[in-house]
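Chemist: Encoded as structure tokens, here's the structure I'll be asking about.
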Amino acid sequence: MNSFKINVEKNYENFRLDKFISEIKSNLSRNQIQKMIDNGQIKVNNKKEKKSYKVSYKDQIVIYKKEDKLLDLAKKEMDLDIIFEDEEIIVINKPVGLIVHPVKGNKKDTLVNALLAHSEKLGSINGTIRPGIVHRLDKNTSGTIVVAKSQKSLNNLIKQFKKRQVKKEYRTILKGTLPYNSGTIDAPIGRDPKNRTKMAVVKKNSKKAITEFEVIKRFSNHSYLKVILKTGRTHQIRVHFAYLGFPILGDNKYGGQEEIFNLDHLLLHAYQLGFYHPKKGNWVEFEAELPEEFKEHLSKLEKK
């Protein structure tokens with residue numbers, strides 16, 4: 001088991017223990033940190049404390065981290081649509097239908113499997129089923145996704161996402177004619193208490209979620225939108241527009257299906273991604289062209 005020592009500096013005094021660790025160790029999620037505290041893997045002055053413990057100046061905190069499991073994933077050659085690549089990152093235009101990382105029932109046909117075949121560097125990052133993965137897109141969401149090629153770049157990018165320093169712009173088509181030209185949806189998201197496989201706008205056991213939007217074009221009964229995510233909750237865009245009564249076209253889960261379009265997936269595309277390059281420090285933006293099918297449906301709406 002590896003250990004990592006931290007001495008609390010004065011500017012962090014009175015931070016909750018879990019929040020303090022998340023600020024210092026950007027490669028650990030808040031959920032991971034809380035579990036580690038509960039399991040005694042994080043100690044303060046050689047004592048186990050609660051996650052709500054308020055740290056004091058000069059407290060010595062030790063994090064005991066289990067060694068990562070060795071990476072044991074198959075490589076699979078795929079024709080990846082690479083937008084940009086250098087020694088530190090790969091930016092990919094992910095197609096609809098491709099799962100980002102291995103899950104139960106699919107250990108071989110994912111973006112991670114393709115990346116392992118593409119770059120030998122990824123095999124040494126994290127040693128888990130998500131080597132190099134900074135963020136994810138749902139299986140049926142297409143578009144820009146960035147992957148790190150070194151542990152240092154991975155930690156840097158995860159921290160940027162956590163601190164909301166990235167730009168995430170999407171394109172989508174909604175059912176219905178949205179009456180607003182632009183706006184901000186500020187509504188908390190959590191598990192749907194009536195259906196645990198879905199997310200919903202709820203007050204209890206939820207997290208803050210903010211979505212900005214701008215109507216690009218209205219059709220007789222549909223709306224084509226530019227959407228910017230300010231937070232990154234599960235199914236956030238889908239849930240927020242379904243909450244307004246304008247679900248994403250083709251979204252079976254949240255009420256956006258229409259037989260006339262015969263869609264087997266939702267029309268949601270991660271159009272643009274911006275962040276600070278993890279090594280050079282300069283701001284970079286990458287754009288993924290709309291998929292052909294998305295364009296075809298826009299064309300159909302134009303002719304209706």
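The numbers here are math on the coordinates, done by the rules we state, and not lab data. Note that the coordinates shown come from a computational prediction; the quantities given were computed from them, not determined experimentally. No Cβ is skipped: glycine too gets one built from the backbone with ideal geometry, and neighbour counts run over all protein chains shown.
Chemist: Tell me which label goes with the value of Cα extents along the principal axes in Å computed from the coordinates here: (i) 53, 46, 34; (ii) 74, 54, 36; (iii) 69, 45, 39.
Modeler: Among (i) 53, 46, 34; (ii) 74, 54, 36; (iii) 69, 45, 39, the one derived from this structure is (iii).
Chemist: Could you grab the relative contact order for the chain? Cα pairs under 8 Å, six or more apart, rounded to a whole percent.
Modeler: 14 percent
Chemist: Taking a temperature of 37 °C and a viscosity of 0.692 mPa s, what whole-number D in µm²/s does Stokes-Einstein yield for region 167-303 with Rh from Kirkwood over alpha carbon pairs?
Modeler: Numbers: Rh = 15.8 Å.
D = 208 µm²/s.
Chemist: Under a crude label model (7 Å from the Cα following the beta-carbon direction), how far is E258 from N11 in nanometres?
Modeler: Modelled inter-label distance: 5.2 nm.
Chemist: For Q165 and T177, compute 0.36 nm times the residue count separating them, minus their Cα-Cα distance, and round to one decimal in nm.
Modeler: Gain on extension, Q165 to T177, equals 1.2 nm.
Chemist: If you don't mind, another one. I'd like the Kirkwood hydrodynamic radius of region 82-162, using the inverse of the mean 1/r over distinct C-alpha pairs, in Å.
Modeler: Values: mean 1/r = 0.0790 Å⁻¹.
Result for region 82-162 stands at 12.7 Å.
Chemist: When the helix-only estimate is applied to the chain (DSSP H runs of n ≥ 4, each -39,500 (n - 2.57), divided by the residue count), what is the mean residue ellipticity at 222 nm, nearest 500 deg cm²/dmol?
Modeler: Taking each H run of at least 4 residues, the total per residue is -5500 deg cm²/dmol.
Chemist: Expressed as a rounded percentage, what relative contact order does region 167-303 have, with Cα pairs under 8 Å and six or more residues apart? All intermediate terms of the calculation are to be shown ahead of the outcome.
Modeler: Values: 285 pairs, mean separation 35.1, N = 137.
With pairs under 8 Å counted, the relative contact order is 26 percent.
Chemist: Continuing with this model, one more query. So what is the relative contact order of region 2-65, in percent, for Cα pairs below 8 Å that sit 6 or more residues apart?
Modeler: Answer for region 2-65 is 52 percent.
Chemist: Roughly what % antiparallel, to the nearest 5, for the DSSP beta bridges in the chain?
Modeler: Antiparallel bridges make up about 95 percent of those DSSP assigns within the chain.
Chemist: Once you put a point 7 Å from the Cα of K279 and another 7 Å from the Cα of K217, both along the Cβ direction, what distance in nm separates them?
Modeler: Going by the 7 Å Cα→Cβ label model, 4.1 nm.
Chemist: Quick one: which residues, 5 or more positions from K198 or on another chain, have an amide H under 5 Å from its amide H? H modelled 1.01 Å from N in the peptide plane, none for Pro or chain starts.
Modeler: Amide H neighbours of K198: D192.
Chemist: Tell me the label-point distance for the pair E23, H265, using the 7 Å Cα-to-Cβ offset, in nm and rounded to one decimal.
Modeler: Placing both labels 7 Å beyond Cα along the Cβ direction yields 4.1 nm.
Chemist: Please work out whether region 2-65 counts as rounded, prolate or oblate from its C-alpha gyration tensor, where a ≥ b ≥ c are the square roots of the eigenvalues and a/c under 1.5 means rounded, while otherwise a/b larger than b/c means prolate and anything else oblate? Walk me through the numbers on the way to the answer.
Modeler: Details: a/c = 1.38, a/b = 1.26, b/c = 1.10.
Note, shape of region 2-65 comes out rounded.
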